[in-house]
Amino acid sequence: MSGIGKLFAVLNLVFSLVVLGVVGAILQKSDEFKAKFVAEQTAHNKAKTDWAQERSDKDAEIQAHKAEIAKKENDISDLKARNDSLEREGQNLKKDNDDLRASVSKLEGSYGGFTSTLDELRKELSSMSKQKDDALAAKVEAEDARRAAEDDKTRLESQVKSLSSKIEQMAAQIADLEGVKNDLSAQIEAAVQMGFDVAKVAASPQIDGVVKHVNRDLNLVVLSVGADDGVKRGTKFEVYANNTYKGQVVVDDVYPDNCAARIVRGADAIAVMDKATTRL
């Protein structure tokens, strides 16, 4: 082979290698571009999806803003209506304030009269307070009187009970005295038969007493009645106890509230606390 042929062969070989290199580079670039395209397409799809979601969110946000704007507009309308109402109320309040000022002026004009009336009321209050104190004092006095009346009532009821008891006792004593009277009548009859002068005893006033002391040695008794009761020297007393006749005494010495009497009959029977009377 000639040198030119070898040259062309070398050139073809070089060209082939160059072509292979270029083709390989192109193929490599093609894979890179393909991978890059796929990645960019994926990113594009994701960006598209994100954009769609963002657009949906923005649309929802826009709708929310529109609703808020509508609400704000309604609020503004309400506030305008409220402002108009407040302005009307302010006008009414101003009118009321003017009326109050006029009333205050009238009240200030009447204050002097009210002050005079207040002084009179204070005086009247002082008088009423005094009347109240007097009424309270009268009430306390009435309460004291009521309590005293209740105490008197209780005391009188107690006295009534006591008197009732005494009446019952006196009734019993009267019954006993009736028995004594009957027994004494029989004893007087027996005494008359023994020579006792009943006529003289009947003529003397009735004086009742009690034997306070007995001295059997001196044959004397002391009676609980005296000159203040009408007792005189020589007055005769018949002595008895319960239904029993005990004897007779004759007064020798008389004192204002007692007397000393000589025992005429029944010296051994007469005892302290026996009863003595001028008339049986």
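Computed from label points 7 Å out along Cα-Cβ, the spacing between Leu100 and Lys130 is 4.3 nm. 3J(HN,Hα) along the range 228-241, derived from phi through the Karplus expression 6.51 cos²θ - 1.76 cosθ + 1.60 where θ = phi - 60°, amounts to 4, 9, x, 6, 10, 4, x, 5, 9, 10, 8, 10, 8, 8 Hz, with x in place of Gly and Pro.
Sorting Tyr255, Tyr245 from the fewest to the most surrounding beta carbons within 10 angstrom yields Tyr255, Tyr245.
Remark on Val231: its backbone amide H falls under 5 Å from those of Gly226, a criterion applied only to residues 5 or more positions apart or on other chains, H modelled at 1.01 Å from N. Take the Cβ atoms of Phe37 and Lys72, set R0 to 51 Å, and the FRET efficiency comes out at 0.55. The residues Asp50, Asp253, when put in order of fewest to most other Cβ atoms within 10 Å, stand as Asp50, Asp253.
Among Leu280, Leu100, which comes first, second and so on when ranked by fewest other beta-carbon atoms within 10 Å?
Values: Leu280 17, Leu100 12.
Lowest count first: Leu100, Leu280.
Within a straight-line Cα-Cα reach of under 19 Å, Lys95 can be paired with the following lysines, leaving aside sequence neighbours fewer than 8 residues apart in one chain: Lys106. Put a dot 7 Å past the Cα of Gln193, heading toward its Cβ, do the same for Val18, and the two dots end up 21.0 nm apart.
Rule-based calculations on the coordinates, nothing more; no lab input. The structure presented is a predicted model; accordingly, all values stated were derived computationally and were not measured. Quick reminder, even Gly has a Cβ in these numbers, built from the backbone with ideal geometry, and neighbours come from all protein chains shown.
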